[in-house]
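Okay, structure first, notes after.
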Amino acid sequence: MTKRQNEDASIEQHILQLVKKENPENVEQLQKLAKEKLSLTDEEALKHIMQLINHEKIKLKEPPKPTQQCLKTYMRSNEAYWFWITTSLAIATVVTVFTVPEDAYPIVYIRYVLGSIFVLWLPGFTLIKALFPSKKEMDAIERVALSIGLSLAIVPIVGLLLNYTPWGIRLMPITLSLLALTITFATAALIREHQTKKMEDQTFLNK
């Protein structure tokens, strides 16, 4: 046996031990146990579990089927929560900027907090999400660093471009421009994430 085959056999043996010890009711529970106890990814755990089921070494309820829902349905799923949080923050910031005066203490601090997130985080975060929709492509620390860095780069570029327009560098055009960019990037990221997940599911099923 090759080294890879030995590793697979060892993992499957550990999964069999988990079944005897924990007595999971379905594939989803066993997948979660294998992920926690054996430090496997969701895909690796499911792959080994399905191999054991196919070889009739274990019997469990049907595994959860891969996500094949349309984009509209995906938008209402828990996996799209980040999209609604991002767009809500962006819209709330714009509303706050245009409705809360600068001398309205202490409410104005809400404007400062939302404004900081709007300028320093959202544009870069949504762009990174659109460029790298899969969590496998980049870890959390890299996403945070690049999101802040890109935001700091995007905002001056927007201001520079507005300087050559009739609107100029003023609060309203800058705010609305960043809102439009953030929602555009977020929408593109959501579409790409949905497509990527479908491709990943299909690739896994074809293995």
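Couple of notes before you dig in:
- Residues satisfying the stated conditions in region 2-46, i.e. closer than 24 Å to SER134 by Cβ, in a loop (DSSP other than H, G, I, E, B) and out of contact with any helix residue (DSSP H, G or I) (no Cβ under 8 Å at 6 or more places or on another chain): SER39
- Of all the residues in region 22-47, those that are aliphatic (A, V, I, L, M) and touching a strand residue (DSSP E or B) at 6+ places or on another chain (Cβ under 7 Å) number 1.
- Selected residue (criterion: farthest from TRP84 (Cα to Cα)) from residues of region 152-176 that are surrounded by fewer than 18 Cβ atoms within 10 Å (Cβ to Cβ) and hydroxyl-bearing (Ser, Thr, Tyr): TYR164
- Where a residue in region 144-163 is farther than 20 Å from ALA186 by Cβ and its partner, wherever it lies, is of a type in the set (A, V, I, L, M) and surrounded by fewer than 17 Cβ atoms within 10 Å (Cβ to Cβ), with Cβ under 6 Å and at least six apart: GLY159/ILE169; LEU162/ILE169; ASN163/ILE169
- Test: residue in region 189-199 that is under 16 Å from ALA80 (Cα atoms), modelled with pLDDT under 95 and not in a helix (DSSP H, G or I): no
- Of THR184, THR196, all but one fail to be surrounded by 12 or more Cβ atoms within 10 Å (Cβ to Cβ) and more than 14 Å from the chain's Cα centre (by Cα); the exception is THR184.
The values are calculated or read from the model by the stated rules, or taken from the named source; none is laboratory data. Remember, it's a predicted structure, so these values are computed and weren't measured experimentally. Virtual Cβ from ideal backbone geometry, glycine too; neighbours counted across all protein chains shown.
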